[in-house]
């Protein structure tokens, strides 16, 4: 069980939106984690500096929150055994590369632009995720 | 300097938003998709909040001739629904459904010092590199067939 947190989730979601707006206003870029991260993998893209700064910020912010407010301020639980984290990670990496984006790029930025590709991508990966969770938890017994 | 600093600030706001919203927590994400079990609808509020704010902001920004620190907006130009998009999205969902981690949730989770996030992100980066290799070799083979 996880607690239903409509207000915190709405506020956090609005902040995700604000970050997307700022990156578009300053750099003209889609705030998609897949695309930004891909430019930091070899061969390194020429514009690696802003990408590295963005990723660094995204990692540092949660660290600052738990330093200031304590670990309980950011609930975290990963119920999945390590071998499945590795398999799942590989699958996600392959999937988002071919899809050209993930929840942030397609699901937020692409949907906000009403991009037909992003609408299709988001519907497909949401359905696929829900189906996978159903199979893992209710047909295979879960982790 | 302003270029780097502005990207850092956007990243900080994103990371804080992911943490506060609960998207950083794989258990919460998995519960959002578990309609038949321990359903937690919070993620709908994350997506809704992010979407409304982004759509309103974009509608103003994209009317301007260019962003502040670049000559043009870098918007995706592809319009076609092709096989890589459809298959890639379906594959991504399988991995997301197994782990509860998506790229935007997992990278900020590194800041919590969680080993599971480190293992996931490392594997995901390996997956992206592998996918690039697959795409390159398929493209080369198709080109040599045409030649």
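Points to keep in mind about this one:
- With a 10 Å cut-off around each Cβ of A:105-111, the average count of Cβ atoms from other chains is 5.
- When both segment A:63-131 and segment B:75-108 are represented by their alpha-carbon centers, they are found 8 Å apart.
- Residues in segment B:59-81 reached by a label modelled at residue B:5 [backbone nitrogen below 15 Å; 7 Å Cα→Cβ]: B:69
- Relative contact order (percent, whole number), segment A:6-139, Cα cutoff 8 Å, 6+ residue spacing: 26 percent
- Residue mean of other protein chain beta carbons inside 10 Å, B:55-63: 5
- From most to least packed by mean Cβ count within 10 Å, the peptides B:87-94, B:54-61 give B:87-94, B:54-61.
- Exposure proxy order (Cβ contacts within 10 Å, fewest to most) of A:77, A:3, B:114: A:3, A:77, B:114
- Computed over segment A:1-106, the convex hull of the alpha-carbon atoms projects to a mean area of 8.6 nm².
- Counting neighbouring Cβ atoms within 10 Å and putting the fewest first, the residues A:72, B:21 line up as A:72, B:21.
- Peptide B:82-88, shielding by other chains (average Cβ, 10 Å cutoff): 6
- Model label zone, residue B:74; criterion: amide N under 19 Å from point 7 Å along Cα-to-beta-carbon; scope segment A:11-38: A:19-38
Every number here is computed from the coordinates shown, using simple stated rules; none is lab data. All values derive from a computational prediction rather than experimental measurement. Virtual Cβ from ideal backbone geometry, glycine too; neighbours counted across all protein chains shown.
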